[in-house]
Structures are given as structure tokens and as C-alpha cells.
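One structure is given below, encoded as C-alpha cells.
Bear in mind that the values in this text are calculations on the coordinates, not laboratory data. The structure displayed is predicted, hence computed values, not measured ones. Here the Cβ positions follow ideal geometry from the backbone for every residue, glycine too, while neighbour counts run over all protein chains shown.
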Amino acid sequence: MSIPNTYSGIGIANLPNQRHKIVAKKGAHFTIMVVGESGLGKTTLVNTLFSTELSSSKDYSRRHVKQLDKLTEVEIIKAELEEKGFKVKLTVIDTPGFGDYVNNAESWLPIVDFVDEQLEYYMRQEQQPQRENKIDLRVHACLYFIRPTGHTLKPLDIEVMKRLGTRANLIPVIAKADTLTQTDLLKFKKRIRDVIQAQGIKIYQPLVEEDDPAAAEHARSLTEAMPFSIIGSTTEVVTPDGRTVKGRKYLWGVAEVENEAHCDFRKLRALLIRTHMLDLISSTEEVHYENYRQHQMETRKPGDIKPRRNDNPKFKEEEEALRKRFTEQVKAEEARFRQWEQHLIAERDRLNKDLESAHSTIKQLEAELDNLQTGYGRGSQRR
Ligand SMILES: Nc1nc2c(ncn2[C@@H]2O[C@H](COP(=O)(O)OP(=O)(O)OP(=O)(O)O)[C@@H](O)[C@H]2O)c(=O)[nH]1
Ligand SMILES: [Mg+2]
């Protein structure tokens, strides 16, 4: 489905709802993060989004500052766009790919931590008396790249997606869609949706505004298309029928970035930059940030500046696992102890019985001895 004309531009100027208007008036900060295994085309997609979206319009001013954050090794790309007086400060966080084998399991942890740290950092700034010019790197949209295996989600994907989905708006995408046939792609999408549901992974649900039928229809088509299939390319190529497009050229033809029959790039771009940017911003504020803040308020003592170890969601998960293991071990020990106790009771009973029978034997022998002594005394008297 193509995007209706009303969705042209970055969309903030024609927002239907009041809450969104307030956000837009202040000028929005919008942060996108890309996450996934190495080599899945994360950086390429960021460049594709930027070169098609940002360099084609003249209504924006663009700043492209790349900085390397030493702690997390993420690359932060900043750009500023403006449409009809509405300003959007766009930040893209390009994370390094993590490995696809079990030994490398921890390599994604800093990425999850990064999301938490931004929530924490923003909260601390809100608590300061001087609240102007807050630095806001809370992640509004987290694109998770899935390898186009055609099979299903890997345990690693499930684990990382579970954690990201409770912290940010998680948008799963199938990387390098040009490497799968359309039939395989549809089957793959269905399987991924099934796993997401079965595993209780929280993914972003685009807001459906029922009072605007065209927008509602568009939002539903976005939900149906998830996980979005993606082809990334910044190169222009010529199709067999003579069009110049962004795409990837093969012997069989061209995989086109912006062709809806080839992939969902347009849908993803519309969602991010045109129709749902402010829903992503407000749901981050109202759901993810609020959850984080509430949780910190409940568990943090007044005066605590840094979160205590067990306030951090990551540590909470680890702590939960540890507590479960501990409980299991205690249970096993208790069972072992009860068995041993029963064994002791049985042994005591057996010894008591032995003792009793020994006692009665003694009594019997004593009685016999008595009898013998009495009998002997009488006999000697007769003599
Ligand atoms: N077939 C195909 N190849 C792609 C696509 N997108 C990117 N690539 C190629 O995949 C390779 C890796 O792309 P990158 O964008 O560097 O991947 P990345 O996910 O940023 O990798 P790391 O930063 O190492 O995690 C490059 O050779 C790209 O040209 C795509 O949609 N289809
Ligand atoms: Mg990269």
C-alpha cells in the first residue's frame, strides 16, 4: 500500500491530536537506535534512511556530527530537521553488531545498559533544580535486525529482544530482504510473529487513530507488515526498464529499496519519520520512561543518587535468576535433610526395639537365675 499524500513531509505539521501539538511546539528530540548481529546492514540502513529522507528535502538544516562514545562504542549521528517551523532534533545511535555465537552472549549487554542509562540520566536531570537544556538520549525507536535465515528467531534474538522490548519501543526488521524469495519472506515473517507472541516479546504497536479512517488504515497496514523487511542501499542503479533507483543490482535484476513489492522500507520510513514519530516519542515518555521512573521512585531511598545495584532492571533480572536457583537448591537440600531425618528415626526405632528385646532377654535370664538360685537353696536344705 502506498502512503496517502497527507503523509508527505515529516508529518509533524499536520498532527491531528492536541497532545502531539504540544510536544511539537516545544520542538522534539527523536532518537532512533539500530541493534543486531554484525554485518546485517544496520549502518547501511541508517545511511539509506538519511540519504533518501534528509538530503532530498530543502526544509531542514543538517548537522552530521559523528562521535565515538568510548564506553559503549556506539556511534551517534545527529541531524536537525525543520518543517513549517517545527524543529526535530534527530539522533541515530548506530551500535556495533554483536556476535552470533553463545560465547559472545554478553556482547549485547552494553547495548541494553545504554538504553537504561539514558532513562537514568534523563531522570537525574529532571530531579535537578536547573532543568533547562536537558540532554535527552532516551531511545524512542529501537530497530532490531533479524538475520534473513528463513528459519526462525534464534535464542540470542529472543533474549535480547525481550530485554529491549521492556525498555523501549522495539521495532523488529528482517535484514537483507533481497536474499529471500517473496514466498520465503512471508513464511519467515509469520514464524517470527508466532515466536514473538509465544515468547511474550513486547514490540511497538503503532497507534491507530480511529477518528481518521485513512490514518487508521495506514496504521493497521504497518502493524500487519511487522517485522518489516528491509533492503538497504545508498547506491543508485538502473533497472532493466530504465528507471534510476536506490537498490542492489543482481544478474536477475534490481532489488529496489523503495519498491513495496520488494520490501517494507517505505513503511518503516513512514512510521519513523512521517506518521508515528510523535507516537513513538509520547509512548516512550508515558510508558517506558514512566515505568522506569516509577520503579526507581518505589525502590530508591531519598538521597540516593546512583541506582542501587538491585534497582537496575538488568540486575533485577539477574537477581531473580539467582534467587530462583537459590530457592531450588534450598528445596533440594531440605528434601535431602528430611530423607536423612526419616532414616535416623527409623534407625532409632530399630535400636529401641533391639534395646527392648535385649532388656526382656536380660529380665528373662535374671528370672531364670532367680529360679535356679531358689531351687539350689531348697535342695541343699533337704540334704
Ligand atoms: N544483500 C544485502 N546486503 C546488504 C544490505 N544492507 C547491507 N548490506 C551489505 O552487508 C554488509 C554489512 O553492512 P553494514 O551496514 O556494515 O552492517 P552492520 O550491521 O552495520 O555491521 P556491523 O557494524 O559490523 O555490526 C555490507 O557489505 C553491505 O553492503 C541489504 O539490504 N541486502
Ligand atoms: Mg555498522
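Quick notes
- Length gained when the stretch THR327-LEU351 is fully extended (0.36 nm per residue, less Cα-Cα span): 5.1 nm
- The calculated FRET efficiency for TYR376 paired with HIS343, based on their beta-carbon distance and R0 = 56 Å, is about 0.70.
- Mean-position separation - Cα centroids, segment 133-165 and segment 218-261, in angstrom: 23
- Partners for LYS190 among aspartates and glutamates (Cα-Cα distance below 12 Å; same-chain residues under 8 apart left out): GLU224
- Sparsely packed GluC sites (Glu not before Pro) within segment 147-256, loop by DSSP, other Cβ within 10 Å at most 11: GLU210
- Compared with the alpha-carbon gap, the fully stretched path from ASP113 to THR235 is longer by 40.5 nm at 0.36 nm per residue.
- Only Cα pairs under 8 Å and 6+ residues apart enter the sum, and on that basis the relative contact order of segment 135-249 stands at 26 percent.
- In the structure shown, the pairs LYS267/LYS314; LYS42/LYS154; LYS162/LYS331; LYS78/LYS189 are assessed against 21 Å; a Cα-Cα span above that value is assigned to LYS267/LYS314; LYS162/LYS331; LYS78/LYS189.
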